[in-house]
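Report on the structure given below.
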Amino acid sequence: TANAIKAGEVIERPVSVVKELVDNSIDAGATTIKVEFESGGISLIRVTDNGIGMDREDAEKSFLIHATSKITKIEDIYDLSTQGFRGEALASISACADVTMVTKQADSDIGTIIKYEAGELVKCGETVSDTGTVITVTSLFANIPARYKFLKKDSTEGMYICTLVEKFAIINPQISFKLYKDGKCILTTPGSGDMKDAIYSIYGKSIAEGLIPVSYE
(Lines give C-alpha, C1' and ligand atoms only; values in the text may rest on other atoms or scores of the structure.)
Protein backbone atom coordinates (compact mmCIF):
# COMPACT_ATOMS: atom_id res chain seq x y z
CA THR A 1 0.00 0.00 0.00
CA ALA A 2 2.80 2.40 0.91
CA ASN A 3 4.53 1.69 -2.41
CA ALA A 4 1.33 2.38 -4.36
CA ILE A 5 0.88 5.70 -2.56
CA LYS A 6 4.52 6.60 -3.24
CA ALA A 7 4.03 5.69 -6.90
CA GLY A 8 1.09 8.07 -7.11
CA GLU A 9 3.21 10.89 -5.70
CA VAL A 10 6.09 10.45 -8.13
CA ILE A 11 4.06 9.30 -11.17
CA GLU A 12 1.03 11.56 -11.46
CA ARG A 13 0.32 10.91 -15.15
CA PRO A 14 1.97 9.43 -18.28
CA VAL A 15 4.17 12.49 -18.81
CA SER A 16 5.70 11.83 -15.37
CA VAL A 17 6.91 8.44 -16.63
CA VAL A 18 8.43 10.01 -19.74
CA LYS A 19 10.23 12.65 -17.68
CA GLU A 20 11.77 10.13 -15.28
CA LEU A 21 12.91 7.80 -18.08
CA VAL A 22 14.35 10.57 -20.28
CA ASP A 23 16.15 12.00 -17.23
CA ASN A 24 17.85 8.63 -16.80
CA SER A 25 18.72 8.42 -20.49
CA ILE A 26 20.37 11.86 -20.36
CA ASP A 27 22.31 10.90 -17.23
CA ALA A 28 23.45 7.73 -19.03
CA GLY A 29 25.22 9.90 -21.62
CA ALA A 30 22.87 9.07 -24.50
CA THR A 31 23.33 10.91 -27.80
CA THR A 32 20.09 9.55 -29.27
CA ILE A 33 16.81 9.13 -27.38
CA LYS A 34 13.62 7.76 -28.91
CA VAL A 35 10.31 8.28 -27.10
CA GLU A 36 7.25 6.32 -28.23
CA PHE A 37 3.75 6.45 -26.77
CA GLU A 38 0.27 5.20 -27.58
CA SER A 39 -3.16 6.23 -26.25
CA GLY A 40 -1.72 9.27 -24.54
CA GLY A 41 0.91 7.10 -22.85
CA ILE A 42 -1.63 5.10 -20.88
CA SER A 43 -1.33 1.90 -22.93
CA LEU A 44 2.33 2.27 -23.97
CA ILE A 45 5.42 4.36 -23.26
CA ARG A 46 8.81 3.25 -24.55
CA VAL A 47 12.09 5.14 -24.15
CA THR A 48 15.13 3.86 -26.06
CA ASP A 49 18.63 5.28 -25.62
CA ASN A 50 22.21 4.55 -26.65
CA GLY A 51 23.65 5.45 -23.25
CA ILE A 52 26.13 3.45 -21.20
CA GLY A 53 23.59 0.83 -20.14
CA MET A 54 23.83 -1.32 -17.02
CA ASP A 55 25.24 -4.67 -16.01
CA ARG A 56 22.87 -7.25 -14.58
CA GLU A 57 23.56 -6.42 -10.93
CA ASP A 58 22.85 -2.70 -11.39
CA ALA A 59 19.82 -3.41 -13.58
CA GLU A 60 18.28 -5.54 -10.83
CA LYS A 61 19.06 -2.95 -8.14
CA SER A 62 17.68 -0.05 -10.19
CA PHE A 63 14.11 -1.11 -9.41
CA LEU A 64 14.65 -1.05 -5.64
CA ILE A 65 13.32 1.97 -3.74
CA HIS A 66 15.98 4.64 -3.15
CA ALA A 67 18.58 2.69 -5.12
CA THR A 68 20.74 5.11 -7.09
CA SER A 69 24.16 5.13 -8.74
CA LYS A 70 24.08 8.91 -9.12
CA ILE A 71 25.40 9.81 -5.66
CA THR A 72 27.97 7.86 -3.65
CA LYS A 73 28.31 10.03 -0.54
CA ILE A 74 26.09 12.57 1.20
CA GLU A 75 28.29 15.49 0.14
CA ASP A 76 27.35 14.76 -3.49
CA ILE A 77 23.93 16.35 -2.98
CA TYR A 78 25.60 19.77 -2.73
CA ASP A 79 27.16 19.39 -6.19
CA LEU A 80 24.50 17.70 -8.29
CA SER A 81 25.16 17.28 -11.99
CA THR A 82 22.49 14.66 -12.76
CA GLN A 83 18.80 14.94 -13.60
CA GLY A 84 17.69 12.87 -10.62
CA PHE A 85 19.30 11.06 -7.71
CA ARG A 86 16.65 9.80 -5.28
CA GLY A 87 16.28 6.38 -6.87
CA GLU A 88 12.48 6.51 -6.88
CA ALA A 89 11.72 6.53 -10.61
CA LEU A 90 11.78 2.85 -11.60
CA ALA A 91 10.48 1.69 -8.23
CA SER A 92 7.48 4.01 -8.54
CA ILE A 93 6.81 3.22 -12.21
CA SER A 94 6.93 -0.53 -11.62
CA ALA A 95 4.50 -0.16 -8.70
CA CYS A 96 1.79 1.28 -10.94
CA ALA A 97 2.44 -0.30 -14.37
CA ASP A 98 3.99 -3.26 -16.18
CA VAL A 99 7.64 -2.51 -16.98
CA THR A 100 10.20 -4.27 -19.15
CA MET A 101 13.84 -3.18 -19.22
CA VAL A 102 16.43 -4.37 -21.71
CA THR A 103 19.94 -3.01 -21.15
CA LYS A 104 23.52 -3.71 -22.21
CA GLN A 105 26.94 -2.16 -21.72
CA ALA A 106 29.34 -1.67 -24.63
CA ASP A 107 31.92 -4.11 -23.28
CA SER A 108 29.39 -6.91 -22.75
CA ASP A 109 28.37 -9.53 -25.29
CA ILE A 110 24.93 -10.11 -23.81
CA GLY A 111 22.26 -7.86 -22.37
CA THR A 112 19.90 -8.13 -19.41
CA ILE A 113 16.10 -8.26 -19.49
CA ILE A 114 14.03 -7.50 -16.41
CA LYS A 115 10.24 -7.54 -16.26
CA TYR A 116 7.91 -6.30 -13.53
CA GLU A 117 4.15 -6.70 -13.47
CA ALA A 118 2.17 -4.64 -10.92
CA GLY A 119 5.22 -4.27 -8.70
CA GLU A 120 6.26 -7.93 -8.78
CA LEU A 121 9.44 -9.20 -10.47
CA VAL A 122 8.38 -11.81 -13.02
CA LYS A 123 11.49 -12.16 -15.20
CA CYS A 124 15.22 -11.56 -14.95
CA GLY A 125 17.64 -13.05 -17.44
CA GLU A 126 19.92 -12.61 -20.43
CA THR A 127 18.92 -11.33 -23.87
CA VAL A 128 20.38 -10.07 -27.13
CA SER A 129 20.53 -6.28 -27.09
CA ASP A 130 22.18 -3.19 -28.52
CA THR A 131 24.28 -1.02 -26.21
CA GLY A 132 22.06 1.23 -24.13
CA THR A 133 18.70 0.79 -22.47
CA VAL A 134 15.12 0.26 -23.62
CA ILE A 135 12.32 0.63 -21.07
CA THR A 136 8.75 -0.25 -22.02
CA VAL A 137 5.86 0.76 -19.75
CA THR A 138 2.34 -0.58 -20.35
CA SER A 139 -1.02 -0.57 -18.56
CA LEU A 140 -0.30 2.53 -16.51
CA PHE A 141 -2.42 2.78 -13.32
CA ALA A 142 -4.33 -0.41 -14.18
CA ASN A 143 -3.85 -1.47 -10.54
CA ILE A 144 -4.47 2.03 -9.11
CA PRO A 145 -7.95 3.01 -10.37
CA ALA A 146 -8.10 6.03 -8.03
CA ARG A 147 -5.17 7.57 -9.91
CA TYR A 148 -6.40 6.43 -13.32
CA LYS A 149 -9.73 8.25 -13.01
CA PHE A 150 -7.93 11.60 -12.64
CA LEU A 151 -6.31 11.30 -16.07
CA LYS A 152 -7.60 13.48 -18.90
CA LYS A 153 -8.40 12.50 -22.48
CA ASP A 154 -5.74 10.55 -24.37
CA SER A 155 -5.17 13.55 -26.64
CA THR A 156 -4.55 15.83 -23.66
CA GLU A 157 -2.17 13.41 -21.94
CA GLY A 158 -0.35 12.99 -25.26
CA MET A 159 -0.03 16.76 -25.62
CA TYR A 160 1.69 16.91 -22.23
CA ILE A 161 4.23 14.34 -23.44
CA CYS A 162 4.87 16.17 -26.71
CA THR A 163 5.42 19.49 -24.91
CA LEU A 164 7.85 17.90 -22.46
CA VAL A 165 9.93 16.20 -25.16
CA GLU A 166 10.13 19.49 -27.09
CA LYS A 167 11.56 21.19 -23.98
CA PHE A 168 14.02 18.34 -23.43
CA ALA A 169 15.17 18.64 -27.06
CA ILE A 170 15.76 22.40 -26.83
CA ILE A 171 17.78 22.33 -23.61
CA ASN A 172 19.76 19.26 -24.76
CA PRO A 173 20.65 20.18 -28.36
CA GLN A 174 23.58 17.74 -28.29
CA ILE A 175 21.08 14.85 -28.13
CA SER A 176 19.06 13.70 -31.14
CA PHE A 177 15.44 13.16 -30.06
CA LYS A 178 12.80 11.20 -31.94
CA LEU A 179 9.17 11.25 -30.81
CA TYR A 180 6.59 8.73 -32.02
CA LYS A 181 2.88 9.09 -31.34
CA ASP A 182 0.72 6.02 -32.05
CA GLY A 183 3.40 4.65 -34.40
CA LYS A 184 3.97 7.88 -36.34
CA CYS A 185 7.13 9.98 -36.04
CA ILE A 186 6.06 13.53 -35.17
CA LEU A 187 9.38 15.07 -34.10
CA THR A 188 13.06 14.61 -34.96
CA THR A 189 15.95 16.83 -33.86
CA PRO A 190 19.47 16.58 -35.30
CA GLY A 191 21.50 16.52 -32.08
CA SER A 192 24.00 18.93 -33.64
CA GLY A 193 24.70 20.76 -30.39
CA ASP A 194 23.20 23.99 -31.73
CA MET A 195 20.07 25.02 -29.84
CA LYS A 196 18.80 26.92 -32.88
CA ASP A 197 18.80 23.69 -34.93
CA ALA A 198 16.62 22.03 -32.30
CA ILE A 199 14.25 25.02 -32.25
CA TYR A 200 14.08 24.94 -36.06
CA SER A 201 13.10 21.25 -35.96
CA ILE A 202 10.32 21.89 -33.46
CA TYR A 203 8.89 25.32 -34.32
CA GLY A 204 9.86 25.77 -37.95
CA LYS A 205 11.89 28.16 -40.08
CA SER A 206 10.11 31.48 -39.46
CA ILE A 207 10.25 31.25 -35.66
CA ALA A 208 13.86 29.99 -35.61
CA GLU A 209 15.02 32.80 -37.91
CA GLY A 210 13.06 35.39 -35.96
CA LEU A 211 14.75 34.68 -32.64
CA ILE A 212 17.29 37.06 -31.13
CA PRO A 213 20.20 35.44 -29.19
CA VAL A 214 20.61 36.78 -25.66
CA SER A 215 23.59 36.16 -23.41
CA TYR A 216 23.42 37.30 -19.79
CA GLU A 217 25.22 36.53 -16.55
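The listed residues ARG56, ARG147 rank as ARG56, ARG147 when sorted by accessible area, largest first, using a 1.4 Å probe. Counting only protein heavy atoms and using a 1.4 Å probe, the accessible area of ILE52 comes to about 110 Å². Accessible surface for ASP98 stands near 50 Å², nearest 10, in the context of the full protein assembly shown (1.4 Å probe).
When the helices of the chain are scored as -39500 (n - 2.57) per DSSP H run of n ≥ 4 and the total is divided over every residue, the value at 222 nm lands at -9500 deg cm²/dmol. Simple rule: put +1 on each Lys or Arg Cβ and -1 on each Asp or Glu Cβ in region 66-217, find the dipole, and look at GLY210, ALA106, HIS66; the Cα lying farthest toward the positive end is GLY210. Counting only protein heavy atoms and a 1.4 Å probe, the chain has 55 square angstrom of accessible area per residue.
Mind checking the full-extension length gain between THR138 and CYS185? Use 0.36 nm per residue of separation minus the Cα-Cα distance, one decimal, nm.
15.0 nm
The loop-placed trypsin sites (Lys or Arg not before Pro) in region 151-196, going by DSSP, that have at most 16 neighbouring Cβ atoms within 10 Å of their Cβ come out as LYS152, LYS153. If the chain linking THR156 and LEU64 were pulled fully straight, counting 0.36 nm for each residue of separation and taking away their Cα-Cα distance, it would gain 30.0 nm. What helices does the chain hold that run 18 Å or longer along their axis, going by alpha-carbon atoms, with a Kyte-Doolittle average of 0.0 or more, using DSSP H for the helix calls? Membrane-span-like by this rule: 14-27, 154-171. Listed options for mean projected area of the Cα convex hull in nm² are (i) 11.6; (ii) 13.7; (iii) 17.1. The value calculated from this structure is the one marked (ii). For LYS205, the aspartates and glutamates whose Cα comes closer than 15 Å to its Cα, not counting residues fewer than 8 places off in the same chain, are ASP194, ASP197.
Non-local lysine pairs in region 102-188, meaning eight or more places apart or on different chains, with alpha-carbon distances under 16 Å, amount to 4.
Considering only protein heavy atoms and a 1.4 Å probe, what is the carbon-and-sulfur percentage of the accessible area of region 57-152? Ligands and nucleic acids excluded, carbon and sulfur reach 50 percent. In the complete set of protein chains, residue-level accessible area for ASP55 is approximately 60 Å², probe 1.4 angstrom.
The phi-based Karplus calculation (6.51 cos²θ - 1.76 cosθ + 1.60; θ = phi - 60°) puts the 3J(HN,Hα) values of region 28-33 at 7, x, 5, 10, 9, 9 Hz, whole numbers, x for Gly and Pro.
Sequence-ordered 3J(HN,Hα) estimates for region 96-109 from the Karplus curve with 6.51, -1.76 and 1.60 and θ = phi - 60° stand at 10, 6, 8, 10, 10, 10, 10, 8, 8, 8, 4, 8, 10, 7 Hz, glycine and proline given as x.
The values are calculated or read from the model by the stated rules, or taken from the named source; none is laboratory data. Computed from a predicted model, the values in this text were never measured in an experiment. All Cβ positions, even for glycine, are placed from backbone atoms using ideal geometry, and neighbour counts span all protein chains on display. The protein model used for the area step is the full one, side chains on, heavy atoms only, and it has no ligands, DNA or RNA in it. Shrake-Rupley method; radii C 1.70, N 1.55, O 1.52, S 1.80 Å.
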